[in-house]
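One structure, pasted below without further comment.
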Amino acid sequence: MNLQEKRRRKDQLFAVICLASTITGILLLALLLCDIFVKGFSWLSWDFICSYPSRFPERAGIKSAFWGSIWLILLTAAIALPMGVSAAIYLEEYAPRSRLTKIIEINIFNLAGVPSVVYGILGLALFVRGLSLGKSLIAGALTLSLLVLPIIIISTKEALSAVPNSLREASYGLGASRWQTIRYQILPSAMPWILTGSILALSRAIGETAPLIMIGALTFVAFTPQTPLDPFTAMPIQIFNWISRPQPEFANIASAAIIVLLLVLLTMNAAAIILRRKYQKKLQGQ
Amino acid sequence: MAVHSYNNIKEKIIERYLFVCALISIFVTISIVLVLLSETVSFFRDVSIIEFLTGTRWAPTYTPSHFGVLPLINGTLLIAIGSSIIALPVGLTSAIYLSEYANEQTRGIVKPVIEMLAGIPTVVYGCFAVLFVTPIIRKLVPETEIFNAASACIVVGIMILPMVSSLSEDAIRSVPHTLREGAYALGATKYEVTTRVVLPSALSGILASFILAISRAIGETMAVTLAAGATPNITLNIFESIQTMTAYIVQVSLGDTPAGSIAYKSIFAIGMVLFLMTFGMNLISQWIRSRYQEVYE
Amino acid sequence: MNHEEIEISVKNFNLWYADNQALKNINLDIPRRKITALIGPSGCGKTSFIRCLNRMNDLIPTVRTEGEMLLNNENINHKDVDVVSLRKKVGMVFQKPNPFPSSVFENVAYGPRIHGEKNKQQLAQIVEESLKNAALWDEVSDRIDRSALSLSGGQQQRLCIARTLAVQPDIILLDEPCSALDPISTSKIEDLMVKLKEQYTIIIVTHNMQQAARVSDYTAFFLHGKIIEFDETKKLFKKPKEKSTEDYITGRFG
């Protein structure tokens, strides 16, 4: 084999390896989803969604977990979104290019990489015991808010910095104040991306398990919460609970619950895409 | 002028409010450190720091109890290394495929699909490990324990794969096109251009993505809790049950541990180690990345 | 110059970007309700200068200035000056048309709105008048609720002028307003400027010698951050006093 031929072979082999790696990733996703579907689909029914958890597999349902998750995500959104978006606005539009700003930015980036279980420890010490909120929804939502705050700030910052400077100049040039410029021009333009980033951050929160276990949410809850101070359970917690049990039926129930959880996630992502399209169309005046 | 001074006050108030929101991130960090630190200090009143760092037995509930963190660190590193062996090469090569080989259309479909892997909750990976991966491993290697590190390594590997692939791809794509053209003009094959020109130029970005992914594997909790078990062990055998730092924290909080007990305090000490490790790795990753950005900008 | 009323008087004005001095000891009296053109090669400081007149440079953190710019005997570079009301008085149109991503109506109504006009009828009237004054009304009156981004480049730029007129400034700054436009749109905007000078003081930065000669009453020639020559446009183009001015307008450099 001459040198040219050798080089050509190597080139082809490399292309095949790269392609194979990529396909591996896709196959794994397909495998995972198939496995869950095959195991859980037959257990999925309306009763499953409308029943409370039970010791008996055939009667178990995810009503309390489902509503717990919905409550949790709404509270988290109410706490983390205004705070995160505000912080991002400050950092992108107001903050002087100083050392402190730089430190804050690096810090936020690093907070996004802190393991969620550490946020759980923080929530346990700060909210459950420190503020004596107990194992309540609000303690859970506060803990998850701390967890998603850096993600929301980072994505909002990116959305704001993508707004062209000419828009700022146009508004300032007309005598608009800083806040008017942000409120009437920059935020509306960045809104599609802020929304997408926020929904993705919240969908991370809805799947989190470890921090909720840390604050003690893994208890038997057979009612839907009525106020933020009520104890609660959530879908990922319920899944963890079921999968840890020895009876094989519960593994299938866990799979069914995973399907519901994935559907909720899918809905959130679809909502993000639809909202973004709608806003973009509105901005382009179509 | 009166109208304007009213507006100016409003502007000032808004700015103050936004500033306070931005400061909250600092407060979060400080409170993490303070919370961890205070209980950690009181933990080290009962347990000597030397024993903690050098002891080879972790048995908090036995009498006499042992608080050597090395078995937990061993477990954590075993998972981190095992999952990296899977995720780093696969992630990097698929990043190369997406950036150098795939056309825009393929890329537009494949990239979101791979990123979907990152959006799946970790507890789902845990279930996948227990229900699917472990039975297969046990068929292939019969002496495998029900809880084993191998299964956890595989699913954590899958979990961090999209992180490697998408961050590395960003780094690879940011290599200027002129560099590639220069090499192609000399008659280099795609393989040669990629390995000798593109990858070295993107090296720091790729390294940064590797470090972030490993840090993510270190902090991963649910999948290792479900799949790898709760046996603190110093071992390199991936077919045995082990325990990671994160899994220990979950194990303690699953039981009803009274606040102030030594087991309760120990999760803060472990949390501190975990926080320092991941925060440090993230800092390094960022430092590497900021260095490579200077090259092109 | 003695017979002209002075709108803005610039005295010993200097500007730095960090350590880099971009304007050196500028002295200039800009006459009221006339068109003053600023010409000169790229990087000579004319855009930096015009952006000082409504403090747009405040948005660039490294800029530092020294000296006076007097508008109605008030130094606009004084730190106590309210930039918001300054920019209301001194409007600006930018190099590239930069309409807001909203309807034609919203673009023009934005200025009056943020300055406190809430009455809908009043707003509609202001919008119509401004669009008429910017010679755009006939082209857009039937699609005033359509997106401003659907207009052509020339129309967008006239919309930006209309938007500026809507806040009723005394002075309009135009920073190379035609550089991104075709010749027909350019001539429409030139006609518009001549019409507008009856009510407004206009300052225009331009790279186009013919444009300066056609529309302006006065011209200042900038070079390396200094004003080399300032005179009535007719005189400056017919018989420049400085050699470098002559070289520039005859196209020998720049």
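Enter the mean number of other protein chain beta carbons within 10 Å of the beta carbon of each residue in A:205-216, as an integer. Could the numbers behind the result be given before it?
Details: counts 0, 1, 7, 5, 11, 12, 1, 0, 9, 8, 1, 3.
Mean shielding count: 5.
Follow-up. In percent, what relative contact order does the range C:1-144 have, based on Cα pairs under 8 Å that are 6 or more apart in sequence?
Details: 147 pairs, mean separation 27.8, N = 144.
It rounds to 19 percent for the range C:1-144.
A further question follows. With a 1.4 Å probe and all protein chains in place, put A:Glu105, C:Glu129, A:Glu208 in order of accessible area, largest first.
Output order, biggest surface exposure first: C:Glu129, A:Glu105, A:Glu208.
Let me ask something additional. Could you tell me how far the Cα centroid of the range A:67-95 sits from the Cα centroid of the range B:176-234, in Å?
After rounding, the separation between the Cα centres reads 32 Å.
Please give the Cα centre distance for the range B:3-70 versus the range A:144-172, rounded to the nearest Å.
If we compute the Cα centre of each part, the gap is 27 Å.
Taking 8 Å as the Cα distance limit and 6 or more residues as the minimum spacing, I'd like the relative contact order of the range A:162-270 as a percentage. Could you put the intermediate results ahead of the total?
Numbers: 68 pairs, mean separation 23.3, N = 109.
Relative contact order of the range A:162-270: 21 percent.
Still on this structure, please answer the following. At a 1.4 Å probe radius, carbon and sulfur cover how many percent of the accessible area of the range B:2-46?
Numbers: 1930 of 2700 Å².
Its accessible area is 72 percent carbon and sulfur atoms.
A further question on this structure: Per residue of the range C:224-231, in order, report the coupling 6.51 cos²θ - 1.76 cosθ + 1.60 (Karplus, θ = phi - 60°) as ³J(HN,Hα) in whole Hz, putting x for Gly and Pro.
Once rounded to whole Hz, the list reads 6, x, 10, 8, 7, 8, 9, 7.
Of B:Phe239, B:Ala129, B:Leu161, which is farthest along the charge dipole of the range B:59-296 in the positive direction, counting Lys and Arg as +1 and Asp and Glu as -1 at C-beta?
B:Leu161
Can I ask one more? Rounded to the nearest 20 debye, what is the charge dipole size of the range B:2-46 about its Cα centre when +1 sits on each Lys and Arg Cβ and -1 on each Asp and Glu Cβ? All intermediate terms of the calculation are to be shown ahead of the outcome.
Working: 4 positive and 4 negative charges, 42 e Å.
For this selection, approximately 200 debye.
Projecting each Cα onto the charge dipole of the range B:2-46 (Lys/Arg +1, Asp/Glu -1 at the beta carbon, about the Cα centre), which of B:Val35, B:Asn7, B:Tyr17 comes out farthest on the positive side?
Farthest towards the positive pole: B:Asn7.
Ranked highest first by average number of other Cβ atoms within 10 Å, how do C:64-74, B:222-232 line up?
Working: C:64-74: 14.9, B:222-232: 27.2.
Final packing ranking: B:222-232, C:64-74.
Once you've got the GNM for chain B with C-alpha springs shorter than 10 Å, pick whichever of B:Ile242, B:Ile30, B:Ile49 has the biggest mean-square fluctuation.
B:Ile30
Now a separate question. Using only protein heavy atoms and a 1.4 Å probe, report how much of C:Arg146 is accessible, in Å² to the nearest 10.
C:Arg146 has an accessible surface of roughly 120 Å² with all protein chains in place.
Further, regarding this structure: Under the rule of at least 5 residues apart or a separate chain, name every residue whose amide H is placed under 5 Å from the amide H of B:Phe67.
B:Ala59
Still on this structure, please answer the following. Name the shape class, rounded, prolate or oblate, that the alpha-carbon gyration tensor gives for chain C, where a ≥ b ≥ c are the square roots of its eigenvalues, rounded holds for a/c under 1.5, and otherwise prolate holds if a/b is larger than b/c and oblate otherwise.
Working: a/c = 1.86, a/b = 1.41, b/c = 1.32.
Cα axes put chain C in the prolate bin.
Follow-up. Using a 1.4 angstrom probe with every protein chain in place, what is the largest-first accessible-area order of B:Phe239, B:Phe67?
Details: B:Phe239 65, B:Phe67 5 Å².
The ranking, largest first, comes out as B:Phe239, B:Phe67.
Per residue of the protein assembly as shown, what 222 nm ellipticity follows from adding -39500 (n - 2.57) for every DSSP H run with n ≥ 4, rounded to the nearest 500?
Numbers: 35 runs with 509 residues, N = 837.
Result for the protein assembly as shown, helices only: -20000 deg cm²/dmol.
Take the alpha-carbon centre of the range C:157-202, take the same for the range C:86-101, and report the distance between them in whole Å.
10 Å
Starting at the first residue of the range A:138-146, write each ³J(HN,Hα) from the Karplus equation 6.51 cos²θ - 1.76 cosθ + 1.60 with θ = phi - 60°, in whole Hz, x for Gly and Pro.
5, 5, x, 5, 5, 4, 5, 4, 4
Using a 1.4 angstrom probe and counting only protein chains, how large is the accessible area of C:Asp247 in Å², to 10?
Number for this one is 30 Å².
For chain A, what class follows from the C-alpha gyration tensor (a ≥ b ≥ c being the square roots of its eigenvalues): rounded when a/c is under 1.5, otherwise prolate if a/b is larger than b/c, else oblate?
Details: a/c = 1.91, a/b = 1.16, b/c = 1.65.
Oblate shape, in that a/c is at least 1.5 and b/c is the bigger or equal ratio.
If you don't mind, another one. Pull out a ≥ b ≥ c, the square roots of the eigenvalues of the alpha-carbon gyration tensor of the range A:19-153, then state rounded if a/c is under 1.5, prolate if not and a/b is larger than b/c, and oblate in the remaining case. Kindly include the intermediate steps, with their values, before the conclusion.
Working: a/c = 2.70, a/b = 1.45, b/c = 1.86.
Oblate.
Quick one: buried accessible area between A and C, total over both chains, 1.4 angstrom probe, nearest 100 Å²? Intermediate values should be presented prior to the final figure.
On the way: alone 16440 and 12500 Å², together 27190 Å².
Separately minus together, A and C give about 1800 Å² buried.
Relative contact order for chain B: what percent, with Cα pairs under 8 Å and sequence separation of 6 or more? Spell out each step's value before the answer.
Values: 395 pairs, mean separation 73.7, N = 297.
Relative contact order comes out at 25 percent.
Right, something else. Take peptide A:40-49, look around each residue's Cβ out to 10 angstrom, count Cβ atoms belonging to other protein chains, and average those counts.
Numbers: counts 1, 0, 0, 0, 0, 0, 0, 0, 0, 0.
For peptide A:40-49, the averaged partner shielding equals 0.
Taking a 1.4 Å probe, which of C:Leu174, A:Leu100 shows the most accessible area, and what order do the others take after it?
Working: C:Leu174 5, A:Leu100 90 Å².
Ranked list, largest accessible area first: A:Leu100, C:Leu174.
Go through the range B:80-158 and name the GluC sites (Glu not before Pro) that are in a DSSP coil and have 14 or fewer other Cβ atoms within 10 Å of their Cβ. If you can, show how the numbers build up before the last one.
On the way: sites: B:Glu100, B:Glu104, B:Glu115, B:Glu143, B:Glu145; in loops: B:Glu143, B:Glu145.
Those satisfying the criteria are B:Glu143.
Farthest toward the dipole's positive end in the range A:38-140, which of A:Ala125, A:Gly68, A:Met83, given Cβ charges of +1 (Lys, Arg) and -1 (Asp, Glu) about the Cα centre?
Sorting the options by dipole projection puts first A:Ala125.
Which of the pairs C:Lys88/C:Lys226; C:Lys89/C:Lys197; C:Lys188/C:Lys235; C:Lys79/C:Lys197; A:Lys102/A:Lys157 have their Cα atoms more than 20 Å apart in this structure? Walk me through the numbers on the way to the answer.
Values: C:Lys88/C:Lys226 28 Å; C:Lys89/C:Lys197 15 Å; C:Lys188/C:Lys235 26 Å; C:Lys79/C:Lys197 30 Å; A:Lys102/A:Lys157 13 Å.
Flagged as over cut-off: C:Lys88/C:Lys226; C:Lys188/C:Lys235; C:Lys79/C:Lys197.
Write down the accessible area per residue of the range A:47-284 in Å², having rolled a 1.4 Å probe over the full set of protein chains.
On the way: 8880 Å² over 238 residues.
In whole numbers, the range A:47-284 has 37 Å² accessible per residue.
Moving to a separate point now. Once the Cα atoms of helix C:153-165 and of chain C are each reduced to a long axis, what angle between those two axes, in degrees from 0 to 90 to the nearest 10, is obtained?
The two axes meet at around 90 degrees.
The values are calculated or read from the model by the stated rules, or taken from the named source; none is laboratory data. Small disclaimer: the values here were computed from a predicted structure and weren't measured. As a convention, Cβ positions derive from the backbone with ideal geometry for all residues, glycine included, and neighbour counts pool all protein chains shown. We work out accessible area using only protein heavy atoms, side chains counted, and drop any ligands, DNA or RNA first. Shrake-Rupley method; radii C 1.70, N 1.55, O 1.52, S 1.80 Å.
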